[in-house]
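Everything on this sheet refers to the single structure shown next.
Every number in this text was worked out from the coordinates using simple rules, so none of it is lab data. Please read these numbers as outputs of a predicted model, since none were measured by experiment. Here the Cβ positions follow ideal geometry from the backbone for every residue, glycine too, while neighbour counts run over all protein chains shown.
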Amino acid sequence: MDKPGGNVTGLSDMSPVAEHIALIKEILPDVKTIGYLYNSGEANSVSLLAVLKAEAEKAGLKVVESAATKSAEVQGAARALVGRADAIYIPTDNTIISALEGAVAVAEESKLPLFTADTDSVSRGSIAALGFNYYDVGKQTGDIVVRVLKGENPGDIAVKTAAGSDLVVNKAAAEKMGSRCRRACFPAPTRSSNSRPVRLATSSYSAALVCTGAVVCINRLRFATGGTDIKRG
């Protein structure tokens, strides 16, 4: 919404689907079809499916879907994507996330890379997720507040979606699912310290995302297998 009008504007924390697609393409350059695993009875997941299809079309990708209406159906729904998709993408869907291990088991068995929108799910077996650091969301919201305090009409300020800022990756999961990630997916730190943040070298991963307009900056990279926060300054 470029100009919402009235006295309203804001920042949305809706899943950054375009950035998720860019992440999947960066890790899997040959991906053609994304399998969407969701609960068809969950309104948010249905809405995100429409967004995913629109963004995937822009990226030259296809989307196939498989629904599970209860936790017991998740593994079967994941299995229905085998042979139909090059990767599985799971939104912030309560039903699917509650039985994520079933989907992960299928992904590992079938060598079908699995990605989630929820960063907490990476430690449970997904390859990667890009989510929000809500401190950064607050800063982005603060930028809008400053503009209003300086006299701009809120209704003339575009409503935007927050930029995803927390990238979490799981190398072990990638290997189990047969994904040989390029080195750019997991940038090497230029220095290491137990007590201080690690500054990352410039990576082609972040550069690629900037070039596509998908994300301005990745502030933190957390390796799920090591439980370490790596901050980019």
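Computed quantities for the displayed model
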read-out: Partner lysines for K53 [C-alpha distance under 21 Å; skip if fewer than 8 residues away on the same chain]; value: K25, K32, K62, K160
read-out: Label-point gap, in nm, between R84 and K3 - each point 7 angstrom along Cα→Cβ; value: 4.5
read-out: FRET efficiency, K139 to M14 (Cβ-Cβ, R0 25 Å, nearest 0.05); value: 0.90
read-out: Potential lengthening between S47 and K160 on full extension [0.36 nm per residue; Cα-Cα distance subtracted]; value: 39.0 nm
read-out: Packing-based order for 167-178, 110-121, using average beta carbon neighbours within 10 Å, highest first; value: 110-121, 167-178
read-out: Trypsin sites (Lys or Arg not before Pro) restricted to segment 41-100 and DSSP loop, no more than 12 other C-beta within 10 Å; value: K70
read-out: Interchain or long-range residues, amide H under 5 Å from T116's placed H; value: I90, I127, A128
read-out: Dipole magnitude of segment 5-63 about its Cα centre (Cβ charges: Lys, Arg +1; Asp, Glu -1), debye to nearest 20; value: 200
read-out: Stretchable slack from E152 to S40, in nm (0.36 nm times residue separation minus alpha-carbon distance); value: 36.2 nm
read-out: In order through segment 122-134: 3J(HN,Hα) via Karplus (6.51 cos²θ - 1.76 cosθ + 1.60), integer Hz, x for Gly, Pro; value: 5, 5, 9, x, 7, 6, 6, 8, 10, x, 9, 9, 5
